[in-house]
Amino acid sequence: MQFNVVSLFSVMMETLVNFKRRKLEGKMQQPECCDESFEGDKLSWSELKGVVSELRRQLSSLSTMVPTNISFRNLQDGRTRIYFLSTPGNGCESTLLYSDVPTEGQLTHRLQWHCVFESNFPTVAAGNKFSREEQLLWERKRLATWGINSYEIHPESGKIVFPASSSLFQCVDNGYSTGPLFPTKLRMMSCGAKLNPQICPSNPDLVAYICNHDIWLSHTVSGCNVRLTYAHKGGRNLADDPLCAGVPSYVMQEEFCRYQGYWWQPAAQNGVYRILYEEVDDGDVKIFCLPSSQSGSGEVEEFRFPRAGSPNSKSYLKLIEFRVSDTRQITDIVMLELQFSINMLFPWVEYIVRAGWSPDSEYIWVQLLDRKQQRLELVLLSLNNFTEVLPMYDEGSSNPGDIGNPMVQVIYSEESNVWVNVHDLLYFLPAKEQHNEIEFIWASEETGYRHLYLISAQIMPCTNGLTEPMDYVSLQPKILQKIALTSGEWEVQEKGIWVDNERQLVYFIGLRESVLEKHLYVVSMRRPGEVRLLTMPGFSYVVDFNKECTMMIAVYSNIEKIPACQVFRITHTDWTADGVELTPLGYLQESSSFVNRNYCPKLYTHSISSGHSLYAMVFKPHNFTPGKKYPTVLNVYGGPEVQLVSNTFKGMRQLRLHMLAARGYCVIAIDSRGSRHRGLEFESYLRGKMGTVELSDQVEVLKWLSDKLGYIDTERVAIHGWSYGGYLSLMGLVQHPDVFKVAIAGAPVTNWMLYDTGYTERYMDLPDHNPQGYNEGSVLNYINKFPEEENRLLIIHGLIDENVHFYHTSQLVSCMIKAGKPYQLQIYPNERHSLRHLDASKHYETTLLSFLQNHL
């Protein structure tokens, strides 16, 4: 259950059009007069619809087209070309753009954007019809743009491949063309949506992709197109077709943020190309039926969904080998399997959360996690663990050593009595001369905060092969050295680590200066612990580096400043962290002025009764008058993995909060115990008891803000949230009916037994191990505590929500009916967990304003 931004997809689409129009009109300084409140006569539904449309138009100046998905490429003439996704000034959807960085000595204030593709290239939104696979991938990734939202580039050749309209397109940027390119569709025999393309690192003519739950391979020059795996039958009956190849399970995508299920070997060896892939068996996972996403069909769609305590998908690692002939045909395809399966060697394993190749292509690495998510191991596998014939060892084998000493080596292991937060901070350093040693950078929360460690581990040396097969299996890590590169009561962010191997410098994002700001730091492997700040306090940063760590892009903002995107060159006066210098080269995007700072929220800190400092964010009503009290909306999330309050600009992702403030409401967001970036102990207050401590913290800070600010009308406070926030909105009305006059619960969890394994069991343990926590955390057990008064509860849910199933709401409604409790229900028949259609988004916003106007 990642944080869900309601209908950002549709929000971005319309506000982008308004953004372009306002830019042409020269009205970009601030929203227009958005401060018409509901005071006086109440507005009709028709009038509120007009208000929503007008507010969307006026608030479009909050929209910023910040570059994303950044790639660097060194051109032959010495230029650096930066590729990124954004929306050009005259466009309405995301596309691939580039900007050339001037060479040394040439300075420019603003770097020019150029479209990679011709403007008449068919757009993704043209047909406005997307495959089910595309829709679900966007849901898992929380993608919120029309147009091109991903691409692959081969830096050496300039080959670009990207998915669009269920197909794959390609072009080659030679670096010298003066005009945009026109992509061509890859020739493919397969029917169905083509997703997740990956260019072979050692041969850009080869592109692998996923189609109908199997891996396909295309030679883009010869047009040769082959199906590499045959896991999925493609039948209509999901129950009889449980296998897929190269596609992670639902839980792996939704709860562990791994969307990749196959990995190219970095370098081909002796003309042999290899792809490591995951085969997923969903045979034991229960099937649920939801209405079809194709409106009007009247059919149902089947989904595999593992509820808490039920069986998960099973995963198997396999290997594909093949060659390319002189005529550019794909030949000699061989399918290999592990001679000792992961579950045979590690019977405690439930999830393969990460996988990949060592940089020298000699080893495969995997991260393994147990079901309770309290034990994680990092394991190396030699390639000769994979074999075409099973079993590898039999009675007729005269010399087990003939297979080349397959090696299975645990190189790191960690356990937690809370849970292990999976991250992406693993970097293998170049191989040393000693072949029995491997060195890598890893992040651990063993001190309670995520920090970086430089680790050297012993791996088994080559032998003469006169040993038993299992002698090559080492299930205990042999740590030779473990050095803390960072330490302290602050955390390193879970993504983003860049290593300058030549100077032995490590760049990373952390929150040392403030839990509200993310900054760039550097530390030397030669001087561990000496961490240097590289960015300016008072802002929060997102950065990207090129491979050589000689150039970086920083996107930065604060609570009052719209994001800017700036390019820097990295130079050095010496080898230390203190010798790092950042030289600005120009802006990809400057921060436009946002004149009326009264529309920006204010940040507050309060020490609650437990001794913890909590952070809050308050949007004052746009029509604020001192001495007056205002109805207030507590916008709540409250669950783990999310931070609402930060020193970053609150733009279109907070459209609804701005909209409420524009209508005369005070809007508040609070990060309670359990929220992100405060360390493992702070997160652990939710363990086994979700739905308890979060609300007590929220109410305590809300009451403190009321006393401090003096303009909150405590008799008119609403609580509103989506997903986990919808869950807490229900719990808030049950536990604190004297505090919250009304609750608006969007897509709420109502019973943790109905939610998925990966998320629920991490924070609540398995149901059999924590029956009390599940019982006390279920809204369905508090039906009698819902108020008897009408118009205090509004429930909103998408009927085809495959994440928090509509069954959560139907169970709640059924119990409310049996108990004779009043409620209001708004269903969106064609929406999933996110409201993606513009008509549904506007209807929801009108419903929200109408309900608050009439009942708060």
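Only the coordinates and a few stated rules stand behind these numbers; no lab work does. In this text the structure is predicted, and so the values were computed from the model without any measurement. Every residue, glycine among them, receives a Cβ derived from its backbone with ideal geometry; neighbour counts consider all protein chains shown.
Which value in nm describes the separation of the simple spin-label points at residue 487 and residue 703, placed 7 Å from the Cα toward the beta carbon?
Here the modelled spin labels are 4.1 nm apart.
³J(HN,Hα) across the stretch 417-433 via Karplus (A = 6.51, B = -1.76, C = 1.60, θ = phi - 60°), whole Hz, x for Gly/Pro?
Once θ is set to phi - 60°, the couplings for the stretch 417-433 become 8, 9, 6, 9, 7, 5, 9, 10, 9, 9, 9, 8, 7, x, 4, 8, 5 Hz.
Quote the relative contact order of the chain in percent (integer), defining contacts as alpha-carbon pairs under 8 Å separated by 6+ residues.
Result for the chain is 11 percent.
Once the Cβ-Cβ distance between residue 532 and residue 785 is put in as r, and R0 is 51 Å, what FRET efficiency do you end up with, to the nearest 0.05?
That gives a FRET efficiency of 0.45.
For residue 605 and residue 772 in one chain, what is 0.36 nm times their gap in residues minus the Cα-Cα distance, to one decimal in nm?
56.8 nm
Taking 10 °C and 1.306 mPa s as the conditions, I'd like the Stokes-Einstein D for the chain in µm²/s, using the Kirkwood hydrodynamic radius from alpha carbon pairs.
So the translational diffusion coefficient is about 55 µm²/s.
Can you list the lysines whose alpha carbon sits under 30 Å from that of residue 233, skipping same-chain ones fewer than 8 residues off?
Answer for residue 233, where 30 Å is the Cα cut-off: 129, 141, 185, 194, 286, 314, 318, listed by chain and number.
Determine, from the Cβ-Cβ distance of residue 299 and residue 446 and an R0 of 35 Å, the FRET efficiency 1/(1 + (r/R0)^6), rounded to the nearest 0.05.
FRET efficiency, residue 299 to residue 446: 0.10.
Within the set 159/547; 628/708; 482/547; 629/842, which residue pairs have Cα atoms separated by over 20 Å?
482/547; 629/842, as the Cα separations exceed 20 Å there.
Please give, to one decimal in nm, the separation of the simple spin-label points placed at residue 241 and residue 310, each 7 Å out from Cα toward the Cβ.
In this crude label model, residue 241 to residue 310 measures out at 2.1 nm.
What is the spin-label model distance, in nm, from residue 42 to residue 227 if the labels are put 7 Å beyond Cα along the C-beta direction?
Placing both labels 7 Å along Cα→Cβ, they lie 6.0 nm apart.
Starting from the Cα-Cα distance between residue 587 and residue 681, subtract it from 0.36 nm times their residue separation and give me the gain in nm to one decimal.
Details: separation 94, 0.36 × 94 = 33.84 nm, distance 3.98 nm.
Length gained, residue 587 through residue 681: 29.9 nm.
Obtain the radius of gyration and the Kirkwood radius of the stretch 242-307 from its C-alpha atoms and give Rg over Rh. Spell out each step's value before the answer.
Numbers: Rg = 16.6 Å, Rh = 14.4 Å.
Taking Rg over the Kirkwood Rh, I get 1.16.
Tell me, what is the FRET efficiency for residue 550 and residue 185 to the nearest 0.05, using R0 = 51 angstrom and their Cβ-Cβ distance as r?
Working: r = 36 Å, r/R0 = 0.71.
The value I calculate is 0.90.
Straight distance only, please: which lysines reach the Cα of residue 561 with their own Cα at less than 16 Å, same-chain residues fewer than 8 apart left out?
Leaving aside lysines fewer than 8 places away in the same chain, those within reach of residue 561 are 518, 602, 650.
So, with +1 on the Cβ of K and R and -1 on the Cβ of D and E, and no other charges, what is the size of the charge dipole of the chain about its Cα centre, to the nearest 20 debye?
Taking the Cα centre of the chain as origin, the dipole is about 2660 debye.
In the stretch 253-289, which residues have a backbone nitrogen under 20 Å from the label point lying 7 Å from residue 335's Cα in the Cα-to-Cβ direction?
Label zone hits: 261-265, 273-284.
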